[in-house]
Amino acid sequence: MFDSLLIANRGEIACRIIKTCRRLGIRTVAVYSDADRDARHVRLADEAVHLGPPPAAESYLVIGKILDAARRTAAAAIHPGYGFLSESPAFARAVRDAGLVFVGPPPEAMERLGGKDSAKALLEPAGVPLVPGYHGADQDDRRLLAEAERIGFPLLIKATAGGGGKGMRKVERAADFAELLAACRREAKAAFGDDRVLLERYIERPRHVEVQVFADRYGQAVHLFERDCTLQRRHQKIIEEAPAPGLPDEVRAALGRAATEAALAAAYENAGTVEFLLDREGRFYFIEMNTRLQVEHPVTEAITGLDLVEWQLRIAAGEPLPLRQDAIRAKGHAFEARLYAEDPAKGFLPSIGTLRTLRLPEGLADVRVDTGVEEGDPVTPFYDPMIAKIIAWGPDRTAALERLAEALDATQVAGVTTNLGFLRAAAASPAFRTMEIDTGWLDREGTEELAREPAPSPDTLLLAALATVALSLARKRPPPVPGTDWTSPWHRRDAWRLNQTPRGLVRLLVGQELTIVTVEGTGERFTARLGEHALAARCGVADGRVWIEAEGRRRAFPAALVGHTLVLTLDDRRHSFTLEDGRFFARGEEEDQGLFTAPMPGKVTKLLVAPGDRVRKGQPLAVLEAMKMESRFEAPRDGIVAAIHVREGEQVEEGTVLLDLASAEEAAAS
Ligand code: ADP
């Protein structure tokens, strides 16, 4: 085994790899861009080398700079993590040519399998079942359209170099083909520098099942069972699990065999994931092979008890596979939820900011958290805005899912908007619980619907007010800084106690709507009032949960005060309330004035309207590219485009006014 490793990556995966290295006594070298100078992976590594400016193209993606860093620190091997250069044969070759060990497959195997097209060409003769489609070299528009008509609609256009669902477009009918082909190529070019595409028949309501394989240089391959990644939003994985639930034994065995055969056919080495779609009839089709460690590898680790990074390092160092197939066992069930700084209410756009509060469910039994950030760290616009992966294990699927829900309830983030409420609701949805879902289920179900916080009932508002009181009183804290005293009496225990008629107001802001609940009481006994609704209860805090006892019924639920926000989970839905401090939010006012602003920094790739155009609510107005993804922005209401403030190709900052939308009356009056 080598004694030192450079990790050509950042974030949680760099931290994850460092963890295994520490256990194995391997010296670690981190690399970082200007944006990551103080990042957690830099803090954890034994050494760190600066690469360059924040954009990945000038830092994490520059092969020369990474090799240079390895030379300067005398690192013996390089682990690429996932993303960035992890699937670049040019990088793997350059590492090898520099006399270093690349922790991954040889570049030749990567070339054979890395492209969705070449992988199919290789695996078809090996008898691995493929989705019917076209993966030829001829990329002429007319040829592609002819092939599309042969395959039939609906079909998918995919980027040959694709990953993360980028570029992928579903085409329902021939008339849309040209436009969607252009969009796929644009996005593929921007994300991968390669605009080749392939076509696949659209499999109706499939599940996504993938098999973890490992192969060594001595011609042996094994699988570490499968993962189910069916819960997806626009082809991106949200919650993954292992094993795939409800598979007949013979299908499970056939999947494992097909994946191992794929690895052998490709003379593969190291860790790989063979992805399949499973149709309603239980038939499976190969879609692609990922020639790296996957984001969701921890669920496999949770059920097998194996350290996949350790396996990668051993195999890269020339050791044979650590275990034979019959010695690899799985136990129980595991889930992983991907916690992101993103705003479900704004089409899941990244939410940039500082992690003012970050409480992760570390220390819960059978829960693992992989993260690359700590409280106080920024979420920058330069990289994937993942905050953490939350992994929960249980003896069976139901127990594991319950544990995941608990772990999500114990997670609190302030400073950026997250998908926590969305994850929590998705994990609790009956269809997911019973696994009656397919890869398109979330999108059909309406992700916005699921992500939206339910409007709180008067009962919920009363509980929220009492929870605020209970949490405020339970909190130990220094006296408030003068002038920041925003929660009236709860902040001042002494004043509260001295008060003859203890009475306070809890001002709960849900969106733009303010609710004022009156609370009277002392000690543990309080009465909350809202209009004609009232709740007299005993309440307190125990084991991180708030308990409220009223009318002979005791309810305990997860609740926390995070900065100026109260977060609680009731009946499997997360609610959050801002404890109003007198300020309203600028964004809401801007929207009311009809200004259409960029929700995040990015590049305007397309303007879809011109001044004077009459638009309807929901109509796409512009396409913005940020984080190498294209997003369409839609009219928040009916109106007339009064003015446009940006040009196509222009780089804009968050909050830049893109265009003015006048109402029909305003337009008529002018
Ligand atoms: P990427 O490499 O961009 O992630 P994949 O080929 O792995 O793309 O596909 C990602 C997801 O897209 C799959 O998990 C599945 O949900 C959906 N998908 C891919 N191919 C098909 C298909 N032929 N029919 C239906 N859905 C598909």
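Before moving on, here are some points about what is shown:
- With the highest mean first, a sort of the peptides 242-250, 230-238 on other beta-carbon atoms found within 10 angstrom per residue produces 230-238, 242-250.
- Taking label positions 7 Å along the Cα-Cβ direction at both Thr565 and Arg234, the computed distance is 2.1 nm, reported to one decimal.
- All lysines inside 17 Å of Lys158 as judged from Cα atoms, apart from same-chain residues fewer than 8 positions distant: Lys116, Lys120, Lys166, Lys170, Lys189, Lys237, Lys628
- For the listed peptides 396-402, 154-160, a ranking on the average number of other beta carbons within 10 Å per residue, highest first, reads 154-160, 396-402.
- Cleavage-rule hits (GluC sites (Glu not before Pro)) in region 404-463: DSSP loop, at most 14 neighbouring Cβ within 10 angstrom: Glu436
- Per-pair calculated FRET efficiency, R0 = 41 Å: Lys617 and Leu323 via Cβ, rounded to 0.05: 0.10
- The chain: angle of helix 458-474 to the longest principal axis, Cα-based, in degrees nearest 10: 90
- Ranked packing of 1-9, 88-96, most packed first, by mean Cβ within 10 Å: 1-9, 88-96
- Along each principal axis, Cα extent of the chain, largest first, Å: 83, 65, 54
- Rounded if a/c under 1.5, otherwise prolate or oblate - region 332-452, Cα gyration tensor axes: oblate
- In the assembled protein chains, Asp377 presents an accessible area of approximately 20 Å² (probe radius 1.4 Å).
- Model label sites at Glu149 and Asp3, defined 7 Å from Cα along the beta-carbon direction, differ in position by 6.7 nm.
- Ligands, DNA and RNA excluded, the heavy atoms of Trp393 present near 50 Å² of accessible surface to a 1.4 Å solvent probe.
- Stretch gain in nm, segment Glu520-Lys19, where the contour uses 0.36 nm per residue and the Cα spacing is subtracted: 175.3 nm
- Projecting label points 7 angstrom from Cα along Cα→Cβ for Ala455 and Glu172 puts them 3.0 nm apart.
- In a simple Cβ point-charge model (Lys, Arg +1; Asp, Glu -1; nothing else charged), the chain has a dipole of about 1200 debye relative to its Cα centre.
- Distances between placed amide hydrogens fall under 5 Å for Met168 paired with Ala159, all partners being 5 or more residues away or on another chain.
- Over region 206-331, relative contact order from alpha-carbon pairs under 8 Å, at least 6 apart, %: 30
- In this structure, Glu204 and Lys346 have a Cβ-Cβ separation that, at R0 = 25 Å, corresponds to a calculated FRET efficiency of about 0.25.
- Listed residues His50, His575 arranged by accessible area, highest first, probe 1.4 Å: His50, His575
- The chain - percent of accessible surface contributed by carbon and sulfur, probe 1.4 Å: 49
- Heavy atoms of Ser631: accessible area, 1.4 Å probe, square angstrom to 10: 30
- The chain - percent relative contact order, Cα under 8 Å, separation 6 or more: 9
- The chain, accessible area per residue, ligands and nucleic acids excluded (1.4 Å, Å²): 43
- For Glu124 and Ala534, the FRET efficiency from 1/(1 + (r/R0)^6), where r spans their Cβ atoms and R0 equals 56 Å, is about 0.20.
- Remark: region 376-385, residue by residue, has Karplus-estimated 3J(HN,Hα) of x, 6, x, 9, 9, x, 7, 10, 3, x Hz, where x stands for each Gly or Pro and the curve is 6.51 cos²θ - 1.76 cosθ + 1.60 at θ = phi - 60°.
- Exposure ranking of Tyr218, Tyr60 by accessible area [1.4 Å probe, largest first]: Tyr218, Tyr60
- Shape category assigned to region 99-149 from the gyration tensor of Cα positions, a/c cut at 1.5: oblate
The values are calculated or read from the model by the stated rules, or taken from the named source; none is laboratory data. If you're wondering where the values come from, they're calculated on a predicted model, not measured in any experiment. Note that each Cβ is placed from the backbone with ideal geometry, even for glycine, and that neighbours are counted across all protein chains shown. To get the accessible areas, we keep the full protein, side chains included, count just its heavy atoms, and leave off ligands, DNA and RNA. Shrake-Rupley method; radii C 1.70, N 1.55, O 1.52, S 1.80 Å.
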